[in-house]
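Below you'll find the structure, written out as structure tokens, and then a few comments.
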Amino acid sequence: MVTVSAKRFRHLCPRNCFSTCAIISTVENGRLVRVEGDPEHGFTRGRLCAKGYAYPQLIYSRRRITVPMRQYPRGSGHWHRISWEEALTTIAAKILELKGRYGSLLSVCLNKQSGNFGYLHYAVEGMFNAMGYITRAEGNSCWSAGLDARIFDLGADRQSDPEDMALARSIVLWGVNPAWTAVHQMHFITMAREQGATLVVIDPLYTATAAQADYYIQVRPGEDGALALGVARYILERGWQDEDFLREYVLGWPEFRSYLEREVSVVWAAEKAGVAPEAVAVLAKLLAWYKPAAIWTGMGLQRHTNGGQNVRAITAPAAMTGNLGQPGGGLYYASQQTWNLLKYNARDWPPPPGATGWVLWPGVVGDGAGDGLEPVAGGGSRPVGAAGVVAGRQARAGDPGVAVGHRPVNTNDFARQVLACTDPPVKMLWVASRGLASQDPLVTSLEEAMGLMETVVLVDHFLTPTARFADIFLPATTPFEEWDVVLSYWHYWLGINQPAIAPVGESRSDLEIAMHLSAKMNELSPGSCTFPTSGSQEEWVAAEFTPEIYVLADIRDYRELLDRPRKLAWPRVSWEGGKFATPSGKYELCSEQAQKCGLPSLPVYVPPAAPSPAYPYRLLTSHQQLGINSQFLHLGWLGGSERATVLLPPGLARRLGVRSGMQVCLYNASGEVVLPAMVSRQVPEDVLLCYQGWYGPGAPEINAIVGGLMTDMGSYKTGFPAPALYDTFVNIYVL
Ligand SMILES: Nc1nc2c(c(=O)[nH]1)N[C@H]1C(S)=C(S)[C@@H](COP(=O)(O)OP(=O)(O)OC[C@H]3O[C@@H](n4cnc5c(=O)[nH]c(N)nc54)[C@H](O)[C@@H]3O)O[C@H]1N2
Ligand SMILES: Nc1nc2c(c(=O)[nH]1)N[C@H]1C(S)=C(S)[C@@H](COP(=O)(O)OP(=O)(O)OC[C@H]3O[C@@H](n4cnc5c(=O)[nH]c(N)nc54)[C@H](O)[C@@H]3O)O[C@H]1N2
Ligand code: SF4
Ligand SMILES: [Mo]
């Protein structure tokens, strides 16, 4: 007879998702048998999404790779198992060889993004910081344009507690699909509706969220600016604006008012947006009369060449009606206000000069001063300290042979910008938490850039499409096999992630990989990497906590989070009292900052990108219900990849003679993709829809034809604009 001893562990889902769910796993005889939501977490309230419930299948998937492997020749699919020793030696030797060849590490490139947002996963960045300056993919593909828009208007990306959306009297979901992409928020929206709130959804697609709305407004893609300006004009015509608020707390109202009077009419706005004038009236009444109004501008909304400008136009009537700074109302998007509260020890290694309090674990203190460290040509410092422990500082400008900083390339234009790097060229690439070959715009352009690389390392769970370009695969652990801590870019809850099971196979966490590679580098060339080579994962987690976060979480020790997650005592209402973080301290309808960036100072109308006769249909590639970007979709429990289709509207289908199930080809100047069609009333005329993220046998390589244009904003805060992914135009024929 087998005795079963069940144990339960706490986790956080570290995916790029609003919810950052708290999970409880059950382990029987060393095997994780079940996951469920943690009822102690006030935002996720004991429930996961379908993807979360599928974690056991991900952990034990037969397709998961749990040993280091080498592919030879690259792209052949001939992978053979190698030892960690061989993998790390090969990589370390390559890095050192490139450093010798070029006199710096700029020929080494890191491309990491949103596969895992756990704090310890930033060890990858820390590891490279500790070697010297490299080439780094920077920028962000989610939210850059909308983020800049908010910064121009408000001064910072702060928002109120999303749980308080339950107190709103009207809710406008503008280009966001939370019924799929932020499922837990729907609870708070439903609570508001149960109290009588009105829900409006504005989206070109009739989404699962739209299906729940009181009003659904099917806006023409990219014409949200016109619609919002029409709302502003309607409010102005009736004198419904909050004059006191505008006088006290808003900069640029006279200029904006005169723009509205000169250039905008309700009829024009409705016509541009492709909606009935009544839709403008409904929105205006809700904002002006049914306060507090919560306006959530989504990320989908701003993936356009005029996306940032449209976000500014939408927030303008919210400011005109004084819908800011009140519980339950205001502007929602996403926010880093609580996201950054922990220390990022791993990412920011080595400690900055003069920093104190970098006690990582007993016996290892990084003081950042570099005491006793000899600079090493080409970057890095010589290791000192306890046995096997390396502490030191990042190579700085002025050190012999050291460049002045990391060389940034736009992650959203990666292939082209890597190819443009010549002095020195990029010769090695490290890919982690990144579905480069499925998630990047114009993925076929990767081919040439990858051809330059002498070594490509991929750290992942699966042989993703990116694996085709890789030489060495390193197997990563899942959140159920490691310690970690993650904060949300949406809610205020703090939890912790503990390992429930031993690493599956030989997999290692990104942190362990960083420590082990650092040790190997130093074995081959002492002092070549100052990233710590010892310390347990739990000690690294412990070191992320600060006295401030303990106060906010009302705990004295991180281990208290093993009993239950805590809600941070963070201000519930943002912009209370009309104090904004802009240069003027006001809400800036007129933004000098925007003007300095070469953008209009006012939220004026900017037309969207238009199709050409050759490629007359807009292709939207919105986010999936059953995947987080490229993750989860391929799991059998979630249906595998067989449901990838292109949805097309009935009128167009009729004209083309397409019936559901027929194979069609979508094409544009970048390439072509063949996939089955599905006729759907969800999609408006002249728009095609294929959800993004599919990969695997039979899945379309949709990003072969997506991309090319960039958003209007993004450079101010994230350094680079984002891809205007939803301004993709294609043609179609039946096979
Ligand atoms: N289940 C699931 N959840 C996720 C993700 C996922 O892949 N799957 N991804 C996560 C990530 S990385 C992100 S960035 C967020 C994205 O979260 P969302 O912003 O909700 O997702 P999107 O699918 O990009 O876009 C939302 C909606 O915008 C609409 N839209 C497109 N263009 C326009 C326009 O011009 N005007 C208007 N009004 N609407 C428009 C689309 O039709 C779509 O329905 O979700 C996160 N959560
Ligand atoms: N056509 C189209 N393309 C898009 C979008 C769109 O709307 N349409 N959306 C864009 C957006 S908003 C985003 S955010 C990007 C997202 O694109 P990415 O940032 O690439 O995100 P994911 O696909 O979630 O994850 C990438 C990989 O991380 C791996 N991973 C998971 N956990 C770990 C770990 O612990 N360690 C390591 N090393 N790897 C791990 C996963 O297995 C996966 O293969 O896609 C963009 N691409
Ligand atoms: S993907 Fe999002 S909703 Fe699903 S379990 Fe993870 S954090 Fe929760
Ligand atoms: Mo994203």
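The values are calculated or read from the model by the stated rules, or taken from the named source; none is laboratory data. Predicted model, so just to flag it, every value in this text is computed and none were measured. Glycine gets a Cβ as well: all are built from the backbone with ideal geometry, and neighbour counts include every protein chain shown.
Observations, loosely collected:
- Arg566 being closer than 23 Å to Glu482 by Cβ, of a type outside the set (S, T, N, Q), modelled with pLDDT of 95 or more and surrounded by fewer than 14 Cβ atoms within 10 Å (Cβ to Cβ): no
- In the range 211-226, the residues that are within 12 Å of ligand 1 (Cβ to nearest atom) reach residues that are part of a strand (DSSP E or B) with C-beta atoms within less than 6 angstrom, at least six apart or across chains, in these pairs: Tyr216/Val201; Ile217/Ile202; Val219/Ile202; Pro221/Arg618.
- Condition check for Asn668: within 16 Å of ligand 4 (Cβ to nearest atom) and either within 30 Å of Tyr53 (Cβ to Cβ) or not aliphatic (A, V, I, L, M) (or both): no
- Filtering the range 468-484 to residues that are touching a helix residue (DSSP H, G or I) at 6+ places or on another chain (Cβ under 8 Å) and of a type in the set (A, V, I, L, M) leaves Ile472, Leu474, Ala476.
- Residue in the range 144-160 that is within 16 Å of ligand 3 (Cβ to nearest atom) and of a type in the set (Phe, Trp, Tyr) present: no
- A Cβ distance below 6 Å, combined with a sequence gap of six or more or placement on separate chains, defines the contacts here; from the range 607-627, residues that are in contact (Cβ under 8 Å) with a residue 24 or more places away in the chain and under 16 Å from Val646 (Cα atoms) reach residues that are more than 16 Å from ligand 3 (Cβ to nearest atom) and part of a loop (DSSP other than H, G, I, E, B) in the pairs Tyr617/Asp686; Arg618/Pro221; Leu620/Tyr726; Thr621/Cys690; Thr621/Val706.
- If the condition is being under 21 Å from His623 (Cβ atoms), in a helix (DSSP H, G or I) and within 12 Å of ligand 2 (Cβ to nearest atom), then the range 112-148 contributes Ser144, Ala145, Gly146.
- Some residue of the range 452-459 being among the acidic types (Asp, Glu) and either over 22 Å from Gly100 (Cα atoms) or without any contact (Cβ under 8 Å) to a residue 60 or more places away in the chain (or both): no
- Only one of the numbered conditions (1) more than 16 Å from ligand 4 (Cβ to nearest atom); (2) closer than 26 Å to Met127 by Cα; (3) among the charged types (D, E, K, R) is not met by Arg31, and that is (2).
- Residue match in the range 54-64 (condition: aromatic (Phe, Trp, Tyr), in contact with a helix residue (DSSP H, G or I) (Cβ under 8 Å, 6 or more places away or on another chain) and farther than 30 Å from Asp471 by Cβ): no
- Residue among Ser622, Ser660 that alone is within 19 Å of Pro204 (Cα to Cα) and either outside any strand (DSSP E or B) or more than 11 Å from ligand 2 (Cβ to nearest atom) (or both): Ser622
- From Ile151, Ile95, residue being away from ligand 2 (no atom under 14 Å from the Cβ), part of a helix (DSSP H, G or I), within 24 Å of Pro475 (Cα to Cα) and not acidic (Asp, Glu): Ile95
- Taking the listed residues Gly146, Gly139, the one that is under 21 Å from His406 (Cβ atoms) and either of a type in the set (Gly, Ala, Ser) or within 16 Å of ligand 4 (Cβ to nearest atom) (or both) is Gly139, with no other qualifying.
- Pairs, first without any contact (Cβ under 8 Å) to a residue 60 or more places away in the chain in the range 539-566, second hydroxyl-bearing (Ser, Thr, Tyr) and surrounded by 14 or more Cβ atoms within 10 Å (Cβ to Cβ), C-beta under 8 Å, six or more apart: Arg556/Tyr550; Asp557/Tyr550
- Evaluation of Arg654 against (1) in a helix (DSSP H, G or I); (2) touching a residue at least 24 places away in the same chain (Cβ under 8 Å) (one fails), failing number: (2)
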